[in-house]
Amino acid sequence: MKPFQVCGLGNALVDILLELSEPEFAGLGFERGTMRLVEADEQKQLLDQFHSKDARLVSGGSVANSVIALSQLGGRGAFLGCVGDDRYGFHYKSEFDDLKIDFGNPVLVGATTGTCLSIITPDAERTMRTCLGVASHLAEAHVDAQRVTDSEWLFVEGYVLANPATGQGAVREAVRVARSARTKIALTCSEAFIVEVFGDAFHAALAEADLLFCNATEAMAVTKTTDVPAAFASMKSKVRNAVVTDGANGAYIRHEGVEEHVPAFPCQPKDLTGAGDMFAGAYLYGLAQGIAPGRAARAANFLAMKVITQIGARLHHGTREFWDSAIAG
């Protein structure tokens, strides 16, 4: 048994959760439901604009959220990412220590920690403005070969591929180490634009992957199809195992040749942030525990439902109890 079940490789970001009314959101002129990268000055201007409103800080990043979910379920997680020695960086490191996640890289002196301003509107949609800060410095030199070797799974965040100068090298090195150590590789698309803009790097990583996570839009981008069933079917020629999540329509999974559709749990969502991250972390935990993929996906769907019925990308209590209830059901 390896020391870690999952080692995540991704952007270390502190999520800043901000709830706005429809008029407040309309005044920003943002396209609803999008994620855009911004520079530090623009991020500061946005935060200053709403300084009087309550905002919550939560350590995260897409794959980091998945590793957090795994840890909350009792799994053994590690993470490779970069943070600075500012208030956000120390907040991040402290939270990961509390969660008993082995944080692979030290805090980088004099650097600015990445932040993701997650604007939540009354329709439960989230619109994000992300300042990567030092997260964008994640490079080959930051890949701790021992942690990757000591893990059953390496989980690679597609967003890292958006940085050709550094991030793509980090992914290549992590994948190389994983292959040599017989560590299985999972990859997440993160967003359709990763496939569309950084397709060569994405498909190179996909060719080495044992498992791909994507949502409906991303699946269609990967396969160049126009509906989810066709995209899922087309995945067979691209990756051995796959998960395609489709919101209220549930999830399609293929694992070692067995295909299933797992229904979603109906709910009234408050914030769509983090559903896919929770699903991935819980599903990987289930696989690492030897649970049948269909049952693991059912429990992962249940936890994803619990996430979107509250504000924020992760559950702060009850994660294991929810899992046990879903597995037993």
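The values are calculated or read from the model by the stated rules, or taken from the named source; none is laboratory data. Remember, it's a predicted structure, so these values are computed and weren't measured experimentally. Methodologically, a virtual Cβ is constructed for each residue, glycine included, from the backbone with ideal geometry; neighbour enumeration extends over all protein chains shown.
Key figures
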| read-out | value |
| --- | --- |
| Test: Gly61 is exposed (fewer than 14 other Cβ atoms within 10 Å of the Cβ), under 19 Å from the mean Cα position of the chain (by Cα), at positive phi and of a type in the set (Gly, Ala, Ser) | no |
| Filter pass, Lys100 being surrounded by fewer than 15 Cβ atoms within 10 Å (Cβ to Cβ), among the charged types (D, E, K, R) and either out of contact with any helix residue (DSSP H, G or I) (no Cβ under 8 Å at 6 or more places or on another chain) or free of Cβ contacts under 8 Å to residues at least 40 places away in the same chain (or both) | yes |
| Test for Thr225: is it touching a Ser or Thr at 6+ places or on another chain (Cβ under 6 Å) and under 28 Å from Gly167 (Cβ atoms) | yes |
| Residues within segment 64-92 that are aromatic (Phe, Trp, Tyr) and either within 18 Å of His316 (Cβ to Cβ) or at pLDDT 95 or above (or both), tallied | 2 |
| Evaluation of Glu259 against (1) among the acidic types (Asp, Glu); (2) farther than 22 Å from Ala124 by Cβ; (3) outside any strand (DSSP E or B) (one fails), failing number | (3) |
| Qualifying positions in segment 144-163 - of a type in the set (Gly, Ala, Ser), over 27 Å from Arg87 (Cβ atoms) and touching a strand residue (DSSP E or B) at 6+ places or on another chain (Cβ under 9 Å) | Ser151, Gly158 |
| Listing of helices (runs of 4 or more DSSP H) fully contained in segment 172-256 that carry 2 or more residues being loosely packed, with under 15 Cβ neighbours inside 10 Å | 192-197, 199-208, 228-234 |
| Enumerated helices (runs of 4 or more DSSP H) restricted to segment 269-329, each holding at least 1 residues that are touching a His at 6+ places or on another chain (Cβ under 6 Å) and crowded, with 20+ Cβ neighbours inside 10 Å | 293-308 |
| Among (1) within 22 Å of the chain's Cα centre (by Cα); (2) over 18 Å from Thr188 (Cα atoms); (3) not basic (Lys, Arg) - the single one Ile327 does not satisfy | (1) |
| Some residue of segment 134-143 being assigned to a helix (DSSP H, G or I), of a type in the set (Ser, Thr, Tyr) and either at pLDDT below 95 or touching a strand residue (DSSP E or B) at 6+ places or on another chain (Cβ under 8 Å) (or both) | yes |
| Flag for Ala230 being among the small types (Gly, Ala, Ser) and within 19 Å of Met278 (Cβ to Cβ) | no |
| Counted residues, segment 109-130 - those being crowded, with 17+ Cβ neighbours inside 10 Å and free of Cβ contacts under 8 Å to residues at least 40 places away in the same chain | 1 |
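Per-residue answers, yes or no, for (1) touching a residue at least 24 places away in the same chain (Cβ under 8 Å); (2) crowded, with 24+ Cβ neighbours inside 10 Å; (3) within 30 Å of Thr149 (Cα to Cα); (4) small (Gly, Ala, Ser):
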residue	(1), (2), (3), (4)
Ala12	yes, yes, yes, yes
Asp15	yes, yes, yes, no
Ala26	no, no, no, yes
Phe30	yes, no, no, no
Leu37	yes, no, no, no
Leu57	yes, no, no, no
Gly74	yes, no, yes, yes
Phe79	yes, yes, yes, no
